Amino acid sequence: VLHRDLKPANVMVGRFGEVYVMDWGLAKVLGQADRHDLRIREDDGTRASHIESARRRDEEADAGSSVVSMDGQQLGTPSYMAPEQARSEPLDQRADVYAIGAMLYELVTGLAPYTATGVRQPAYRILRDVVDGPPKRIEDLQQGVPAELIAIVDKAMHRERDGRYANVLDLAADVRAFLSQ
């Protein structure tokens with residue numbers, strides 16, 4: 001099952017350290033067709049993508065806002081989206097690996113990918129940035145982060161899905177190994 005909208009707001013830690021993943025509204029069972037077409041489409045008249053924030057139409061959104069298509073179907077949250085998800089391409093489990101890597105990026109830097117302190121960008125701008133290239137390097141945002149941890153985040157957020165961990169279990173194994181050092 002692909003979640004397709006993993007972000008800090010959708011992950012909770014319980015009293016005893018158990019992890020809960022919330023808001024499965026965009027989930028998709030692998031091998032089954034989507035019930036809704038979630039792709040962003042260009043408007044023939046303006047050649048601009050029709051997207052909105054989930055909180056308020058036509059308002060600038062923060063990194064935690066979901067992007068929705070014009071018919072109101074949520075697509076995901078731009079700062080945590082894999083490039084292929086931002087391009088409306090078919091997804092596999094590596095899209096969720098990317099989103100977990102983006103959450104690790106935020107834990108390490110204090111910023112969601114493709115955002116800057118004190119700067120609010122519209123969700124469509126963040127979405128375009130995701131497609132255009134990688135976020136700022138961790139080393140440029142936060143000094144003293146161990147190279148091993150940077151390597152884990154970089155692999156989880158690799159631009160090409162074949163360069164990422166094959167699945168969440170492989171990512172978890174590397175995180176556990178890092179934490180046990």
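The values are calculated or read from the model by the stated rules, or taken from the named source; none is laboratory data. If you're wondering where the values come from, they're calculated on a predicted model, not measured in any experiment. Methodologically, a virtual Cβ is constructed for each residue, glycine included, from the backbone with ideal geometry; neighbour enumeration extends over all protein chains shown. Just so you know, the surface numbers come from the protein's heavy atoms only, side chains and all, with ligands and any DNA or RNA stripped out. Shrake-Rupley method; radii C 1.70, N 1.55, O 1.52, S 1.80 Å.
Within the full protein context, the accessible area of M157 is estimated at about 20 Å² for a probe radius of 1.4 Å.
Our coupling estimate for region 116-125, obtained by passing each phi through the Karplus curve with A = 6.51, B = -1.76, C = 1.60 and θ = phi - 60°, is 9, 4, x, 10, 9, 10, x, 4, 5, 5 Hz, Gly and Pro reported as x.
Each other residue within a Cβ distance under 14 Å of E160 adds +1 if Lys or Arg and -1 if Asp or Glu, for a net charge of +1. Sequentially through region 127-133, phi angles give Karplus couplings (6.51, -1.76, 1.60; θ = phi - 60°) of 4, 5, 4, 4, 5, 6, x Hz, Gly and Pro residues having no value and appearing as x. The phi torsions of region 96-111, fed into the Karplus equation with coefficients 6.51, -1.76 and 1.60 and a -60° offset, translate into couplings of 5, 4, 4, 4, 5, x, 5, 5, 5, 4, 5, 4, 7, 9, x, 10 Hz, rounded to whole numbers, with Gly and Pro shown as x.
Placing pseudo-labels 7 Å out from each Cα toward the beta carbon at D132 and V1 gives an inter-label distance of 3.7 nm.
The residues packed around I138, meaning those with a beta-carbon under 14 Å from its beta-carbon, carry a net charge of -2 if Lys and Arg are +1 and Asp and Glu are -1.
Normalising the Debye intensity of region 93-181 to I(0), with uniform scatterers on Cα atoms only, and taking log10 at q = 0.14, 0.15 Å⁻¹ returns -0.49, -0.56.
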